[in-house]
Amino acid sequence: MPDMTELAQQFMTTLPHSVLLGMQAERMGDGEAVISMPYKDELVGDPHTGVIHGGAVSSLMDTCCGAAVMCHPDNKGGTATIDLRIDYMRPAAPGQTITAHATCYHFSRSVAFVRAVAMDEDSEHPVATATGAFTVEAKR
Amino acid sequence: MSKRPKPEPVQIVKQRRDAALTALVEAVPYIRFLGIQFERRGDELTGILPFRQDLVGNPLLPALHGGVTAAFLEVTAVMTLNWSYLWEDLESGKLNLEGTVPQDLPRLPKTVGFTVDYLRTGLPRDAYARARITRAGRRYASVQVEGWQDNHARLYAQATGHFLMPPQRG
């Protein structure tokens with residue numbers, strides 16, 4: 001498997017919203033992606049606690065799941081989200097980077113299935129998990 | 001015989017509602033970050049997401065980022081739920097949020113799970129969303145959200161969410 005990390009980082013810089021959120025590709029290849037998102041005050045959803053808004057975690061999950069589909073060996077083109085379900089286990093610790101790890105576990109002719117988990121610096125207890133279905137471009 | 005209290009002047013009622021809505025929206029940095037606004041008609045809220053280049057996910061199409069759509073629908077769901085949770089106290093005048101600092105606002109519902117269906121590509125246009133509370137319990141609440149762009153009959157996304165409600169206010 002060629003190291004696609006540099007390519008992945010390049011890919012991330014072309015996605016305006018992912019750039020805005022400060023996402024960084026850590027690893028990408030073979031239907032798996034790891035993307036991190038450092039803590040930023042602008043992303044806070046709860047002014048009482050300083051916890052990041054679930055929506056920002058959704059963006060990270062969607063980007064990471066999409067990236068896992070993009071780098072699946074059978075993928076020939078782009079992808080789009082069909083559905084995405086996110087379960088929130090616990091609030092992410094304020095000030096900590098959130099890292100998502102997505103795996104594309106099934107790739108059919110028209111749909112790719114992905115699951116992902118997001119962690120803060122406590123890598124024992126997930127912050128959120130996601131499952132999603134993504135489009136697969138028809139072969140030309 | 002108890003006399004029915006005289007209704008408050010409409011301007012006072014509207015000012016209290018709008019001040020509360022402004023306080024709730026302004027308190028959340030992430031809502032400002034995405035530029036989401038809310039329009040109010042009586043107790044009904046409509047979320048508005050004005051298009052911005054930095055909300056794009058795929059620059060080739062270009063299409064709104066799926067995460068932005070998810071966030072927009074979730075923000076609309078939480079705001080609608082919180083609004084309905086506070087409505088009675090706002091109406092009675094028991095609660096006045098005008099000028100309240102974010103730390104003193106009532107606690108927000110917490111998202112337990114949120115599922116988004118992407119029905120059409122999010123175009124580089126403004127988007128709108130409205131949420132409907134399908135169950136409002138003391139501890140848990142469920143909400144459905146619709147998102148559309150130019151044409152309300154052609155939804156571009158829909159979502160369902162389950163939420164944990166804050167403890168009862170004393």
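List of remarks:
- Tally, over the stretch A:41-84, of residues that are more than 7 Å from chain B (Cβ to nearest Cβ) and in a strand (DSSP E or B): 2
- Test for B:Pro5: is it touching a residue at least 60 places away in the same chain (Cβ under 8 Å) and more than 8 Å from chain A (Cβ to nearest Cβ): no
- Once the stretch A:10-25 is narrowed to residues that are aliphatic (A, V, I, L, M) and assigned to a loop (DSSP other than H, G, I, E, B), the residue that is modelled with the lowest pLDDT is A:Leu15.
- Within the stretch B:58-94, being free of Cβ contacts under 8 Å to residues at least 60 places away in the same chain and aromatic (Phe, Trp, Tyr) holds for one residue alone: B:Trp87.
- Some residue of the stretch A:4-18 being aliphatic (A, V, I, L, M), closer than 30 Å to B:Ala23 by Cα, more than 7 Å from every other protein chain (Cβ to nearest Cβ) and open to solvent by less than 20 Å² (accessible area, probe 1.4 Å): no
- Taking the stretch B:74-170 as the region of interest, the strands (runs of 3 or more DSSP E) fully inside it that hold 2 or more residues being away from chain A (no Cβ under 11 Å) and open to solvent by less than 30 Å² (accessible area, probe 1.4 Å) are B:127-136, B:140-148, B:155-164.
- Residue selected from the stretch A:19-28 under the condition surrounded by fewer than 19 Cβ atoms within 10 Å (Cβ to Cβ) and farther than 15 Å from B:Pro59 by Cβ, by the criterion nearest to the other protein chains (Cβ to nearest Cβ): A:Gly22
The values are calculated or read from the model by the stated rules, or taken from the named source; none is laboratory data. Note that this is a predicted model, so its numbers are computed, not measured. Note: ideal-geometry Cβ built from the backbone for every residue, glycine included; neighbour counts use all protein chains shown. Just so you know, the surface numbers come from the protein's heavy atoms only, side chains and all, with ligands and any DNA or RNA stripped out. Shrake-Rupley method; radii C 1.70, N 1.55, O 1.52, S 1.80 Å.
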